[in-house]
1. Considering the convex hull of the alpha carbon atoms of segment 59-121, report its projected area averaged over all viewing directions, in nm², one decimal.
2. Within segment 1-38, whose backbone N sits under 17 Å from a point 7 Å along Cα→Cβ of residue 177?
3. Given the Cα-Cα distance of residue 19 and residue 186 and 0.36 nm per residue of separation, how much length would full extension add, in nm?
4. In the chain, what is the count of Lys pairs whose alpha carbons are under 26 Å apart, counting only pairs at least 8 residues apart or on separate chains?
5. Tabulate in residue order the Karplus-calculated ³J(HN,Hα) for segment 135-151, using 6.51 cos²θ - 1.76 cosθ + 1.60 with θ = phi - 60°, rounded to whole Hz; enter x for Gly and Pro.
6. Calculate one ³J(HN,Hα) per residue across segment 191-196 by plugging θ = phi - 60° into the Karplus curve 6.51 cos²θ - 1.76 cosθ + 1.60, and present them in order as whole Hz with x for glycine and proline.
7. Compute the signed sum of charges (Lys and Arg +1, Asp and Glu -1) over the other residues within less than 9 Å, Cβ to Cβ, of residue 109.
8. Under 5 Å between amide H atoms, partner at least 5 residues away or on a different chain: which partners does residue 199 have, H built in plane at 1.01 Å?
Amino acid sequence: MTGTVSQGEDEYRGAEAVIRRYGSKQIRHVTYPDNFMTEQEAMISQILNLAGDKNVKAIVVAQGVPGTMAAIKRVREFRPDVKFLVYEPHEDPHQIAEYADLCIMPDQLKRGETIVRLAHDMGAKTFVHYSFPRHMSQEMISRRAKIMEDECTKLGMQFVFANAPDPTGDQGLPGAQKFILEDVPREIEKYGNDTAFFSTN
């Protein structure tokens, strides 16, 4: 299970590549809704449907959006044999690790340093961090943002936090994309061409 192309193209294309390699008889690919925050039951139903197929031995969820842990718990009630691999859990990593057989998560805190350093090495003097309340309420993301800000200070860069619309909110993905496309030129005009941009989505 992955997001759609609009929400997570890397994971979606990765699933397509795995299907090309192993075939559609071995791999089933489903997607969670773009508006997964308000449609968690639809996502959970997709996972329950996969687990309902006795030929399914493992379910890979990439990314582990909210609702993944609830889905795993429900599957365990009738298919304790199904293995769960969760990439990039959005829920508390320690909690979901109790239910999933394998969780894979990049070192998000270290990325807070390395992303800013790379931007600095490329000549950036300003680092603009786009996010929204839903993401910033996640401990890992808010801690990483603080690390990015601290790293900017160490390197003599200006850190700018910019609020962006949540792609799962009222404006949807098109509204979030439109905002970014319109705001980046404004930020460049304000801070100059040597500005790096990062978005939590």
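1. Mean orientational projected area (segment 59-121, Cα hull): 4.5 nm².
2. Zone members listed by number: 3-13, 33-36.
3. Additional length available on full extension: 55.9 nm.
4. Total qualifying Lys-Lys pairs in the chain comes to 19.
5. 6, 5, 7, 7, 3, 4, 5, 5, 5, 5, 4, 5, 5, 4, 4, 5, 5
6. Calculated HN-Hα couplings, in order: 10, x, 5, 8, 10, 9 Hz.
7. Values: positive: 110, 111, 143, 144; negative: 107, 113.
With Lys, Arg at +1 and Asp, Glu at -1, the neighbours total +2.
8. Long-range HN contacts for residue 199: 130.
Rule-based calculations on the coordinates, nothing more; no lab input. Fair warning: this is a prediction, and the values are worked out from it, not measured in the lab. Backbone-built Cβ (ideal geometry, glycine too); neighbour counts: all protein chains shown.
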